[in-house]
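These notes are about the structure you will find just below.
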Amino acid sequence: MFSSRRVVSIFVWRVLAGVLSTRQYARIVHQWVAAVRLDPTVYGTYTMRRTKATLIYKRTKNLRAIQLLLGHSKLESTVRYLGIEVDDALEISEQTEFRTTLNKWR
């Protein structure tokens with residue numbers, strides 16, 4: 001049934017069942033939150049997603065990368081999602097893209 005090759009995975013059920021459903025993921029997060037005695041009404045899959053995006057943005061200031069990561073079609077949606085000012089975000093984004101372009105020419 002399973003190959004003899006050893007598969008290492010954080011999510012064992014993914015190896016066995018093939019796919020982890022959204023609901024299964026939500027249950028796991030809920031169990032982790034309860035295990036560390038945090039309020040499950042405050043912490044969940046949405047807050048994890050938003051926190052990860054915010055941390056990456058703070059580190060890189062790359063709005064385009066965050067937009068792609070979150071699957072947003074509009075940059076404005078990403079800016080609103082992160083809760084930052086549109087003008088500041090666009091300026092930072094342009095500076096980041098410009099630096100990337102300059103590094104290609106060096």
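Remarks
- Qualifying position, being in contact with a Ser or Thr (Cβ under 9 Å, 6 or more places away or on another chain), at pLDDT 90 or above and either among the hydroxyl-bearing types (Ser, Thr, Tyr) or open to solvent by less than 100 Å² (accessible area, probe 1.4 Å) (or both), among 26, 53, 35: 53
- Within the range 20-76, being part of a loop (DSSP other than H, G, I, E, B) and either among the aliphatic types (A, V, I, L, M) or farther than 30 Å from residue 91 by Cα (or both) holds for 20, 21, 36, 37, 38, 39, 40, 41, 42, 43, 44.
- Screening 75, 68, 82 for residues that are open to solvent by 60 Å² or more (accessible area, probe 1.4 Å) and either at pLDDT 85 or above or among the hydrophobic types (A, V, I, L, M, F, W, C) (or both) leaves exactly one candidate, 68.
- In the range 38-50, the residue that is nearest to residue 68 (Cα to Cα) out of those that are of a type in the set (A, V, I, L, M) and surrounded by 11 or more Cβ atoms within 10 Å (Cβ to Cβ) is 48.
The values are calculated or read from the model by the stated rules, or taken from the named source; none is laboratory data. Since the structure is predicted, the reported quantities are computational estimates derived from the model, not experimental observations. Virtual Cβ from ideal backbone geometry, glycine too; neighbours counted across all protein chains shown. Only protein heavy atoms, including side chains, enter the accessible area calculation; ligands, DNA and RNA are left aside. Shrake-Rupley method; radii C 1.70, N 1.55, O 1.52, S 1.80 Å.
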